[in-house]
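The values are calculated or read from the model by the stated rules, or taken from the named source; none is laboratory data. Here the structure is a predicted model, which is why all the values come from computation and not from measurement. Reconstructed Cβ throughout: ideal geometry from the backbone, glycine too, with neighbour counts over all protein chains shown. To get the accessible areas, we keep the full protein, side chains included, count just its heavy atoms, and leave off ligands, DNA and RNA. Shrake-Rupley method; radii C 1.70, N 1.55, O 1.52, S 1.80 Å.
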Amino acid sequence: MTQLKFDAKVSASAQEALEPHIRPVYAAPAARRLFIGEFAALERTEPAPGSEKEASVKVRIVSLELPNEAQEGYVREALRFLHLQRTARGTLDDDGQLELDESTLRLTGGHLAYLETARLRAGLNHWGLYARRVLHTSNLTISEVMHELKTIADGLTAALDGAHGNDTSDD
């Protein structure tokens, strides 16, 4: 497993964003601050084969912003949503319907991500209709069927990832 190491330095713009928070954090020993940030890779270490050391990558915080009190709830909501997207789990029931597991349902907190739900539903509807059209096309060769199946798989992957035009196939 590759270790992630943070460089102690931060960029000038990140330091500028942190300045107003240094004194309040110092004044309250258990203080916490929420932030949105970006880091950049600085250095990669690849140990020699047979070495017991782990590979590592060192990163530096290059950009960050801290929300004010009025904005913090929105940032926390975004964090919860990103966590949900990364960890969502479920299973198909006997009728082929997706049932979200209990931990995923808890993460939703009773809120629906309307935009994401609509995007995924529209994507699934599109590729379902496309697959039905292919099923009703007669005299397709094996090569054509494979091409259509790849098109559907790529489309479903793009709908899931929200990445248009990225080739994630296993050719």
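Counting Lys and Arg as +1 and Asp and Glu as -1, what is the net charge of the other residues whose Cβ lies under 13 Å from the Cβ of Glu148?
Values: positive: Arg132, Arg133, Lys150; negative: Glu144, Asp154.
So the environment of Glu148 carries a net charge of +1.
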What does the charge count around Asp7 come to, taking other residues whose C-beta lies under 10 Å from its C-beta (Lys +1, Arg +1, Asp -1, Glu -1)? +3
Within segment 24-77, what whole-number % of the accessible surface is contributed by carbon and sulfur, with the 1.4 Å probe and all protein chains included in the calculation? 52 percent
